[in-house]
Every structure is written in structure tokens, then in C-alpha cells.
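Below is one structure, written out as C-alpha cells; the observations come after it.
The values are calculated or read from the model by the stated rules, or taken from the named source; none is laboratory data. No experiment lies behind these values; they were computed from the predicted model shown. No Cβ is skipped: glycine too gets one built from the backbone with ideal geometry, and neighbour counts run over all protein chains shown. Accessible surface areas use protein heavy atoms only, side chains included; no ligands, DNA or RNA. Shrake-Rupley method; radii C 1.70, N 1.55, O 1.52, S 1.80 Å.
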Amino acid sequence: MGDMANNSYSGVKNSVAEPNHEGEFGCSLKELRGLMELRGTEGIRKIQETYADVNGLCSRLKTSPVDGLSGQPADLEKRTIVFGQNFIPPKKPKTFLQLVWEALQDVTLIILEVAAIVSLGLSFYRPPEADNCGEGTGGVEDEGESEAGWIEGAAILLSVICVVLVTAFNDWSKEKQFRGLQSRIEQEQKFTVVRGGQVIQIPVAEIVVGDIAQIKYGDLLPADGVLIQGNDLKIDESSLTGESDHVKKTLEKDPMLLSGTHVMEGSGKMLVTAVGVNSQTGIIFTLLGAGGEDDEDEEKEEKKKEKERKKEKKSMLVVDRLNLLSFLSCVLLSCIAKAQDGAAMEMQPLNSDEGADAEEKRKANLPKKEKSVLQGKLTKLAVQIGKAGLVMSAITVIILVVLFIVNTFWVQGLAWEKSCTPIYIQFFVKFFIIGVTVLVVAVPEGLPLAVTISLAYSVKKMMKDNNLVRHLDACETMGNATAICSDKTGTLTMNRMTVVQAYIADKHYRRVPEPEVIPGSIMDLLVLGISVNCAYTTKIMSPEKEGGLPRQVGNKTECALLGFVLDLKKDYQPIRNEIPEEKLYKVYTFNSVRKSMSTVLKNPDGSFRMFSKGASEILLKKCYKILTATGEAKVFRPRDRDDMVKKVIEPMASEGLRTICLAYRDFPASDGEPDWENESDILTSLTCLCVVGIEDPVRPEVPDAIRKCQRAGITVRMVTGDNINTARAIATKCGILQPGDDFLCLEGKEFNRRIRNEKGEIEQERIDKIWPKLRVLARSSPTDKHTLVKGIIDSTVIEQRQVVAVTGDGTNDGPALKKADVGFAMGIAGTDVAKEASDIILTDDNFSSIVKAVMWGRNVYDSISKFLQFQLTVNIVAVIVAFTGACITQDSPLKAVQMLWVNLIMDTFASLALATEPPTESLLLRKPYGRNKPLISRTMMKNILGHGVYQLTIIFTLLFAGERMFDIDSGRNAPLHAPPSEHYTIVFNTFVMMQLFNEINARKIHGERNVFDGIFNNMIFCSIVFGTFVIQIVIVQFGGKPFSCVGLSIEQWLWCVFLGFGCLLWGQVISSIPTSRLKFLKTAGHGTQKEEIPDEELEDMEDLDEIDHAERELRRGQILWFRGLNRIQTQMDVVSAFQSGTSFQGALRRHPSSASQQHDVTNVSSPTHVAFSTATVSIVSVASAAAAVPRSFCACSLGSVTAL
């Protein structure tokens, strides 16, 4: 066991250093890994003892803290060889053979296989005298047909193989698509590093040890490192340590930065010291088996170890560090092994639920949580249809057997002869096969396939529409959206900001003033203040194309201010060169609480000067002086401030401009150094330099997109941090507010006042009075956004539960994005944290892309409904034909192999054809379906039953009168191995023709008459219908005995096609019947209603956000929780193994693939960026472990492992 721990802890094959290179660097891989395992003061002590300081570590790693690495390919390659690549290998995908094996586990297929094998075996047995075994057993000898008895069994097996291969191929291509999607997400992740003195962005996987990385608010750290320089840096390390408090990082106290953690505030530079599998997150994923060897190798290894363990019965009472580490890694490995397979489609990095206790986590564990609305409705419907099919197939078999026994032993009065036993058994096997084929046709196994194909197809196409879907069901949920809470900046507007107005030196300029009119002293302060008090990562670059607009890099508001400096014919870069980031004395970075940013400079005489910028109405309250036209400062009273708000700020805001105030403050040397931590004292007594109005024009396509949303029954609300006048002006330009509308525009403070009671608690009733009319929420904090989203989702004012989509780009938007039914993160302006919390990433940050997502979501829902309408018609007809045919003629008119072919048409092919229908604008002309809308509407039920009646009438007419109509021999009551008949071939062929034409009918589900509308836009549909027709010709003309077919004449073929074409004509008749007249029609495919859930489950669900299948992901941080009795049993085994010294992994592997395991982890490890959720494992003693493990067994934090 110790060996295993050592192996899992010492990195993975591809990180092993080559000794000839390692000597070139002043520290080894092992040394750096050891360093990164230390925290706080321990880390500082280690750095001081070994390297003197961080600069010493830089020189050992041959890098410059200012200019970074040289960027030479040879140097980068050497570093990759020695210290590893910044990549965590994902778990190997399942092979095609594994998927084939999984497809073979299907119960109905297994039953068919067994029946086919029995039929095959019996067909080779020839009893000596078969004459006295009753009617229906003769006629076998003719034309040597007895030798062909094996064909049916073989054909069934062949059909099963076809079905299995198709299913496995679908699963394989699905997995491939998901992995492609994941790698797309990873390739898009870039990080800012300094190389050769230039600040550049590189893909995360290209970061190497020795790189100097620039980190800022909202980043997800891609590697481990040591802080070189930081401004007000706070990190959320809960993903590694489980501690929810933000950790302040400084050079003096704690410079250690870990991969997978989030930058919540501030900015800085770090020296990368560990990447990929050698980073702290990488080590954990190595423990969890990511990128490990194949399961088979592990199992072989296990067997060896188990033998060894049996030889040496060790006492486990004293737990040494390595054994415990191994124990933890085994437990983690078992938890994640299956879950990673099941979660391969989920792209969401692991997240932690900060401070949630074990009880809450237990409650969040209900399996219902993972199902989406559509998935929930489909599962329920499939089970109901399956049960009905099972009953029908059982009754079919019973009736066939009873009829045969009554006819043979009662009517014919024969005794059971021993020699006849095999023949009777053959009959029973035949009946059994008929029963199973009824079941095969009845069970709609194509449903999950249709959903998967539809979603995967939509996801692929949505990429072209700038929607990068991270969670599949978000695509479908978006179709039901009733409300969108959108950011303003960048989503509704172009996020290309420019200063267009300014109030400087007592004068309001309607356009940027000429430099000459501004007093020199004010100009110098203005240029210096903007240059140093904007993030150094923000800059204006020359345009990519000649004559184009300058490129804005970084924060767009800061870009506008830097652009203002350039418009004043000044340059900010020389000032930044003179005062590099390291020389800034103190930086208060922007956050949602401060709503301002300040930078402190130390003057040569010991005094300090602080420059501030922020929202004008907030910063002006902190100003007590203002600079006049002479450049002198005069007192700025509250009355003056009110005048300025009325005359300057409100007029700017009413034109849709964002107003920013620029101010400064001097701290004289005589007063000594102020207490920089006391922000309220620092950020006061400011002197106002100027107020600027920044324009961010509305995107030209947004008003039209919002009109489409409103027409589609979706309410758009704007939630912004801007002031209310700016927000109202932009909302009016976008069309969110119409002149004369009775809608609310509130500021965050007013909103909070209205929704809280006297005790300051939020009340749902109060929110319910506000949200239906609220259209604009201005000056809102991220908490307000979360409160609004939660309030709308939890509201019961409107009968239909609201489905809310939210857009966000900032780190603090995370909670609202998580809470929403669908969270949209901005691909360009969004922080890593926002992207991680989201379901869909808008790669162009454009609101009109959300409208496309709605269209695709509605299309998914309609595609599934189309498929259901088609499949249920086939189901009803095939089951009734097989059932009644079997009961009346003692043989199913549709043979087992024919049924399997029909099953293939209606399951795999139809799901592919109908699930890939492209969306049309008409989808946006109807209201959202809502969560409780049944999958099968009354119109669809009318179509299903109407077409069912037509098809049954045709089939039964052909079955009982077909021989007279076509003047051919009857195929009814044929003996056991009788040759195929023309009669039954015509029945089969007509049945398939009707399905083909009905597939065209199924394209419309809302009663439209033109079923051909847009048919050529979907070439997949056309090719599948044509391909099926061609294969049907081949089967009928050349299928022979395996398909129980004989070749038909041209005339017979034309009749079959004509009867099939009748489906289209009959469809027009059905469309003419108003659904409202047919009161008896019922809907089907409802979701699980609240009242249907057992009381004890409801009690468990009390604390959940919602009960139905809608919560798409498990709760934050709920990653490795064990589920159900299987889980508890596994834990018991672990504990007993822990006490007795037997194999932990052996114990864990006793419960291999349980469905519940598939959801223990919410994502596959993202090879480059990994955030890992944990809570600490406390094992006080072996005895307490035995008691504690079954109740709540959590993932271990790295801290716990290393400490142990």
C-alpha cells in the first residue's frame, strides 16, 4: 500500500525529469513541489533559507522578475522537459468495444439473444416422426425448407448486432463531440505573461515554470507560483482548502499562490513554480486517477497486491502517513472513476459550496436533482410506455401459448408424445420471440437517443451562433425561458467606450476640449492620475487594419480614460515607464463594494498623493474641494454638489453616458504615514479634478433582438451598476422600456428597502409585488442581482414557474449565474470565475446570441415532440398488429426480424432525421411552453390516434382480405417453417411505406397543413427517408428467408407506395378537424408534479431550491458525496478493510458501475484549469473512522493529505 501512495504522489510518467537538463536550473522539480506544499510563514521561511528571497528564486530559475523569460523555443522546450507541461491528462475515453459491451447489457436485447440462440439450436434438431404432432407442424419438408430453419434465429442475432453497433457508434460519436467541445473550451483559455519584456497572452497549456504571469481580479490561476508583486490581492482558496474566507496574499505574510484558486480582488505578478500534474491541483488529480493507467492494469495490480496482503496479515491499528494517504487516494479513486465517465459531457469545473454543512449536503443528494425538465418528462413517459409494452407482450405470449395448447391437445385431442417435445418447444420459442419483438417495438429506447442527438446537434450548431454550451441541458432549458436578466455593458452595448463629454475647470464641455483650454496644473494631474490609476494591463493599441479604430485591451472604462489622455494630445506610456507597477505604494483595486479605484504614490519628500476614480455620485460625496479655472482648489459644499448633479451629471446620464469622477488627495509628510488599512479615513477629503461622460453605444442589432424576445413571451430586464438615468436612457434605446409604459426602474438601495421587512430580512411577498413590473435595476450589487433572480424563480404569483436566464461577466456574478436556470457568461469580457459558474458562454458577448439560444432551445423541444409523434404512432400500430394478429392467426403478421428493422427505422434513423431539423424564426412567435407543459399536446395526440386508425385499417384490411384483393395465396395459419408468403410481404411493405410517409407528417406538430415546408433545408432528413426507401426495396426483393420476404411485382409495389402515400392525404383530413372539438383527447408526458413525490422525500427536499428535475447541477461543492445504500455499503467495506488490512480498492471495486455513481462528480477534469472541491476528512482514530465514514465521507483536501 505504501508503494501505491508513493507512486501516486510522485507525479505521472510525463512529468519525470531528465537528469541531463535538470542541472541547468538552480532547483529541481522535487524541490519546487516541496516548496509549494508549504503555506504562509513556512513558505516565506523556506524561500528565505534556500533562495534569500523571491528574486533569488527567479535567478535560480533563470528568469527576470521584470522582463520574464526570453521566449526562446529551445528554452521553453527545456523547461517543459524538466518541469513538465501545464496539462493534466484527461481520463481515457471508453473504447468502441467497451461501448459495444455496454449496449449489449440492454435487457430486451439480452432476451432476444437468448431466444434467438434457443431457436437456432432447436432448428438443427430434426425429430424422426413429426407427422403425429398436430396441425401446423407439417409442411416443413417442402423444397428443402427444413434446412433453412436456422435462418430466423441467425437473422435475429444479426439484427441485434446491427442495433448494438449503431447504439455503440452513437455513444462513441457523442463522447467524441463532448471531448471536442471540452478541448475547444480549454484552447480558448488564455493567460497574460511577460516574455522578453512584452506583455502577451498565451494559451494556458503553454505556461512553463519560470514564467512571470500577470494576475488580476476574476482570474482562475492556471499554475502554482510565488507572488512577486501584489496590489490588494485576495484569493479564494476554498476549492483546495474548503475554507470560505478570502486569503490576503502579500510578500511579507503569504506569497504562495495555488492553481485552481480564484483571484477575488486586486492584481499582481507571480513567478510560476509548478505546472500540470506537479501543481497542487495536478497532484490531487493524480491521486484521483486522472491520466492514470487503464482500469485493467489497475485490476491486475490489485489482484497481485491482494495475494501479497493475504500472506502478510498486518495490523492496521497504527496508521502511518503513507498508508493513510493511499487509503484516501483509493477512496477518492473509486468515487471518481465511474463518475468521470458519466460526467464526460459536463464541462463545468468543480466548485465548492462554501461553508455548507454535511446535513445540507446530504439533503442536496436526491437523484431527482440531476434531471433536466425534458429528461424528467421523457424518463417518465418512456417508463409508462415500457410498462404498457411489457403487459402487451406478456398477454401476447400467454394467448399464443394457450391457443396452441387448446388447439393441439383439446381440439385435436392429441397426447404429448416425447418425440414431439422439441417441436412443441420450437413453437413456444417462436411465441416467446413474438412476445419479445412486441416488447422491443413498444419500448421507446430511441427517446434518449433522440434527445442526445438533438442536443448534440444543437450544441454543435450553436457554436456557429456564438453560443458555447457547457452543460447540455441548458440548451433545452433555454427554450422555456420566460425572463432574461441582462447586464448592460458589453451585452446590450458595444463595450467600446469613449469619453465624449467632460466637466473640467468649472466648465461643461459637450465634446472633448482642446488641450490649450485646460490649465497646465490640472492637465498634469489629470494625465498622471489616469496613467497610474488604471490597471497597467489596460492599454490602447494601434488598429489592426489601417484606418480602423484603435484596439482597446483590458478594462473598457479605463481604455476610455486612456483614450481621453491621447485625445488631449498627451501620452500615458512614458509616465508608466517612469513609474512601473512595482513603484506604486498602495493600490485599492476596484470592487463592487468600493465602486472606485485608488492608487497611492510616495513623493521624494516623504509625502503621499492618492489618485481616485469611480462612479461620480459616489466619489463626489467624498470630495470637499474642486479645481477651478485658475487651477486653484476651492471648497466644494453639499449645495455645490447638488448643483453639479443637476446641471452636469443628470444631463450626461439622460443621454445614456456613464459618468466617472476623477479626484486626488495629498497626505503631507508632517502628518506621518496614514493607516492605509482604514479605508474610510483614507478615501475622504478628496479634491475633484473633473467628471467625464463616457459613451458606450447600443449594439445596432439589440433593439430588434429584444423585440423578438418580447414577441416570444420573454421579459427582458436590465441589471446594471450604472446610475439610474444612464440605465433608463439605454433601456429606452434598446426597447426594454417603451414610452408610456407602467414599468419600474429602481436603484439597488430602493429595491432593497422595498423587499426587506423591519428586521432587514428579505420577504418573498415583497419581491412578488415588485418583480413583475421591474424592468431596470440600476446601481445594483451582485447580491441584488442574486436576490432578484432567486425571487423570480421562487415566486408563485404567476401560475407558471418562471425560467430565468442571467448574463454576467464579473467574479461576483457567480452566485446569480449559478442560481439562474441558465447562466450566460461573456466570452470576451467575462472573468474565468464567471465562465466557470455559467452554463453557456457567449463568445461574442452579444445579446442577440441569447435570442439564438432561445430559438435552438425551443427547437430541441419541438424536435423531441416530432420524434415522439412519429414513434408513438408506429408503437401503437405495431403493437396492436402483432397482438391481434398473434391472437387471431397464431402468428405475428410482422416477423421478429421485420420488427427489428421497423425498430431501427423508427428509433435510430427517425431520431436522427427529426432531431436535426434546423430552427426557424416562427419558433419565436409563440409563448414559452413552461415547465408543466406535457410533451404530447392534444393536437399531437389527435395526429397519433388519427394516423393510428388509418394505418390499422389498412393493415387489417390487407391481413384479412389482402389475398383476395391481390389474388394471391393467404399467408395466415402457415406451418412452423413455412416459406415466406407474398401476402405477408405486402403487409410488411405497406406498413414500412406508411411509416416513411408518416415521418414527413411528423415534421409538423402544431397542426400546420404544409408538411413539406422547409424539408430541403434538412438534407439529413431527406437522405434518411430516401436511404430507408432504398434499403426497403433491397430487403423486400432480395431479403428472402431471413426477412421473411418474397420479391413483389411492380404493380404490388405501386399499391404499397400508394397506400403509404395515403398517410399524407389522411394527414390533411386530420388537420381539418379542430382539436377543440375533441374533448376526449388527453395530453401525455407531464413532468413529475410536487404532489406526486412521497412525503418523506419532500421532507428531505425542504431546503432545496427546487424539487423537479430542473436543477441541472448538483450543489456547489457536492462532488464526492456517496449516494444511496450502495454508497453506505461501500463505505462499510472501506472501514472494515481499513481495520483488517485487506485491499481497500478491492473493497471499493465490489460495487462497480452503479448509475448513481455517474453523478458524484460534476465534471471531467479540465486538463489545464482545474478547480477541485473538498472538505476536510478528519480521522481521529480507526475506531472513530468506523463510526464516521458512513455518515459523511468527503474528499480530502490537499492540506489534510500533506499535513498527515
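Worth pointing out:
- For the stretch 25-40, taking the residues that are in contact (Cβ under 8 Å) with a residue 40 or more places away in the chain and surrounded by fewer than 19 Cβ atoms within 10 Å (Cβ to Cβ), the one that is farthest from residue 274 (Cα to Cα) is identified as 40.
- Selection status of residue 999, of a type outside the set (S, T, N, Q) and either surrounded by 12 or more Cβ atoms within 10 Å (Cβ to Cβ) or not in a helix (DSSP H, G or I) (or both): yes
- Residue list for the stretch 197-219, restricted to those being open to solvent by less than 10 Å² (accessible area, probe 1.4 Å) and in contact with a Gly (Cβ under 7 Å, 6 or more places away or on another chain): 211, 212, 213, 215, 218
- Among the candidates 1020, 1035, residue that is open to solvent by 40 Å² or more (accessible area, probe 1.4 Å), among the aliphatic types (A, V, I, L, M) and assigned to a helix (DSSP H, G or I): 1020
- For residue 416: the one exception among (1) in contact with a helix residue (DSSP H, G or I) (Cβ under 6 Å, 6 or more places away or on another chain); (2) assigned to a loop (DSSP other than H, G, I, E, B): (1)
- Search result, residues across the stretch 604-620 that are surrounded by 13 or more Cβ atoms within 10 Å (Cβ to Cβ) and either of a type in the set (A, V, I, L, M) or free of Cβ contacts under 8 Å to residues at least 40 places away in the same chain (or both): 610, 615, 618, 619, 620
- Of all residues in the stretch 646-669, one or more are open to solvent by 10 Å² or more (accessible area, probe 1.4 Å), closer than 23 Å to residue 584 by Cα and charged (D, E, K, R).
- Residue in the stretch 933-950 that is farther than 25 Å from residue 381 by Cα and not hydrophobic (A, V, I, L, M, F, W, C) present: no
- Selection over the stretch 959-972 of residues that are touching a residue at least 40 places away in the same chain (Cβ under 8 Å) and assigned to a helix (DSSP H, G or I) gives a count of 2.
- Conditions (1) within 18 Å of residue 522 (Cα to Cα); (2) at pLDDT 90 or above: number failed by residue 629: (2)
- Lone qualifier among 792, 876, 841 - being farther than 15 Å from residue 478 by Cα, touching a strand residue (DSSP E or B) at 6+ places or on another chain (Cβ under 7 Å) and modelled with pLDDT of 85 or more: 792
- Matching entry among 466, 480 (being open to solvent by 10 Å² or more (accessible area, probe 1.4 Å) and closer than 30 Å to residue 774 by Cα): 466
- Apart from one condition, residue 105 fits all of (1) in a helix (DSSP H, G or I); (2) surrounded by fewer than 16 Cβ atoms within 10 Å (Cβ to Cβ); (3) at pLDDT below 85; the exception is (1).
- Candidates 492, 549, 526, 562 - the one that is at pLDDT below 90 and open to solvent by less than 10 Å² (accessible area, probe 1.4 Å): 492
- Subset of the stretch 237-254 (residues that are in contact (Cβ under 8 Å) with a residue 40 or more places away in the chain and either within 23 Å of residue 205 (Cα to Cα) or part of a helix (DSSP H, G or I) (or both)): 238, 239, 240, 241
- Subset of the stretch 621-645 (residues that are buried (at least 21 other Cβ atoms within 10 Å of the Cβ) and either touching a helix residue (DSSP H, G or I) at 6+ places or on another chain (Cβ under 7 Å) or aliphatic (A, V, I, L, M) (or both)): 626, 627, 644
- Residue match in the stretch 938-952 (condition: in a helix (DSSP H, G or I), open to solvent by less than 40 Å² (accessible area, probe 1.4 Å) and among the hydroxyl-bearing types (Ser, Thr, Tyr)): yes
- Looking at the stretch 541-619, none of the strands (runs of 3 or more DSSP E) lying wholly inside it contains 2 or more residues that are touching a His at 6+ places or on another chain (Cβ under 7 Å) and among the charged types (D, E, K, R).
- Counting residues in the stretch 775-783 that are more than 22 Å from residue 811 (Cα to Cα) and either open to solvent by less than 60 Å² (accessible area, probe 1.4 Å) or not in a helix (DSSP H, G or I) (or both) gives one or more.
- Which listed residue is of a type in the set (D, E, K, R), modelled with pLDDT under 85 and crowded, with 24+ Cβ neighbours inside 10 Å, from 473, 487: 473
- When residues of the stretch 535-546 are limited to those that are modelled with pLDDT of 80 or more and not aromatic (Phe, Trp, Tyr), the one most open to solvent (accessible area, probe 1.4 Å): 542
- Some residue of the stretch 727-741 being closer than 25 Å to residue 846 by Cβ, touching a residue at least 24 places away in the same chain (Cβ under 8 Å), of a type in the set (Gly, Ala, Ser) and in contact with an Asp or Glu (Cβ under 8 Å, 6 or more places away or on another chain): yes
- Test result for residue 933, without any contact (Cβ under 8 Å) to a residue 24 or more places away in the chain and either within 30 Å of residue 852 (Cα to Cα) or open to solvent by less than 10 Å² (accessible area, probe 1.4 Å) (or both): yes
- Checked against (1) in contact with an Asp or Glu (Cβ under 8 Å, 6 or more places away or on another chain); (2) open to solvent by 40 Å² or more (accessible area, probe 1.4 Å); (3) modelled with pLDDT of 85 or more, residue 97 meets all criteria but (1).
- Scanning the stretch 721-732 for residues that are open to solvent by 20 Å² or more (accessible area, probe 1.4 Å) and either under 9 Å from residue 656 (Cα atoms) or assigned to a loop (DSSP other than H, G, I, E, B) (or both) returns 721, 725, 728.
- Matching residues in the stretch 620-647 - criterion: being of a type in the set (Val, Ile, Thr), under 24 Å from residue 680 (Cα atoms) and not in a strand (DSSP E or B): 645
- Taken over the stretch 47-82, the criterion of being in contact with a Leu (Cβ under 9 Å, 6 or more places away or on another chain) and assigned to a helix (DSSP H, G or I) is satisfied by 47, 50, 51, 54, 57, 58, 75, 76, 79, 82.
- Of all residues making up the stretch 690-706, the number that are in contact with a Ser or Thr (Cβ under 8 Å, 6 or more places away or on another chain), open to solvent by less than 30 Å² (accessible area, probe 1.4 Å) and assigned to a helix (DSSP H, G or I): 2
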